[in-house]
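Undergrad: Starting off with a structure, shown below.
Only the coordinates and a few stated rules stand behind these numbers; no lab work does. Predicted model, so just to flag it, every value in this text is computed and none were measured. Using ideal geometry, Cβ is built from the backbone for each residue, glycine included, and neighbour counts are taken over all protein chains shown.
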Amino acid sequence: MKAKNSLALIFFPAFDWAISPTHPEREERLLYTRDQIFEEGVGDIEGIHFFNPALAEAADVERVHFAYPDAGSIVTESHYIAAGGAMRALDAVMSGETDKAFAMVRPPGHHAQRVSYGDRGFCIINIEAVGLEYIRQKYPDLRVAIVDTDCHHGDGTQDIYWNDPDTLFISFHQDGRTLYPGTGDIDELGGPGAYGYNLNIPLPPNTGDEGFLHVIDKLVLPVLDDYKPDLIINSAGQDNHYTDPLTNMNFSAQGYALLNEKLNPDVAVLEGGYSIEGALP
């Protein structure tokens, strides 16, 4: 069997990071994922390549964040490796090493805002933004779309790129009136220098495959076609899945597979949720 697109899988299980021993966000999470990948034979498919993450440094974090009191005080080794996974994924795609990349790393990052002083929704640094601003040092004129499919609004990514017309941010998520962080209304459209480059689609609880795919077909894809990004990054949350213990959506594994096929991101970075079946680019 041969993959439609060559794919880099960047994997880091974050053995030393967990919310608690019984919380879904614990050390075993990506070990289960790794087992699932090998049990289903994904590693045997021609064109699937496994890579180790890079190691981000304080300078990579500080390119994005004002860290209080400083990066060394709030960022752990796991965070540096998670951000390095996003950096490695972007390097693989931009260098032509692979067509696509998926960074399966922990801890997550899309709630981390420009000013970071600690944990926000399990996030301390925004690993997608750290990766993006790293790759922009090599390719400075990149026009990028970040599509956040996590069930929670990507308020941190929105904050970082609020006034940047070279970064289109699209988030569709469970309505903030019913779920953390309570943001992501349709009237949050960007700052004065990038008004209209921030797009939020809050969805009612219990939205299923049909609703998500309707949003992709009728709104997200036409906007991306008009914007014409050089690169599409997917903040690939899996917590819209109907089995997720912290959210209230009704998405299926088959729905994720169709969503991913339609969105066709260049780079995906694992965010929230506890199942990745059907989610590989």
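Undergrad: Long-range amide H contacts for residue 231: which residues qualify at under 5 Å (H placed 1.01 Å from N, peptide plane, sequence gap of 5 or more or a different chain)?
TA: 143, 145
Undergrad: Could you compute how fast the stretch 156-257 diffuses translationally, taking Rh as the Kirkwood radius over C-alpha pairs and applying Stokes-Einstein at 10 °C with viscosity 1.306 mPa s? Give it in µm² per second.
TA: 111
Undergrad: In the neighborhood of residue 250, defined by Cβ-to-Cβ distances under 11 Å, what is the net charge if each Lys or Arg adds +1 and each Asp or Glu adds -1?
TA: Residues near residue 250 contribute -3 overall.
Undergrad: Something else: Taking the Cα centre of the chain as the origin and placing charges on Cβ (Lys, Arg +1; Asp, Glu -1), which of 180, 231, 260 is farthest toward the positive end of the dipole?
TA: 231
Undergrad: Assuming R0 = 30 Å, can you tell me the calculated FRET efficiency for the pair residue 40 and residue 97, based on Cβ-Cβ distance, to the nearest 0.05?
TA: 0.80
Undergrad: For each pair in 100/138; 2/138; 4/138; 218/262; 100/218, compute the distance between the two Cα atoms and list the pairs where it is over 22 Å.
TA: As for pairs spanning more than 22 Å Cα to Cα, those are 2/138; 4/138; 100/218.
Undergrad: If you average the alpha carbon positions of the stretch 138-195 and of the stretch 36-55, how far apart do those two centres end up, in angstrom?
TA: One Cα centre to the other: 30 Å.
Undergrad: Would you please give the residues with an amide H less than 5 Å from that of residue 116, counting only those at least 5 places away or on a separate chain, with H modeled from the backbone geometry?
TA: Amide H neighbours of residue 116, under 5 Å, 5+ apart: 66, 67, 68.
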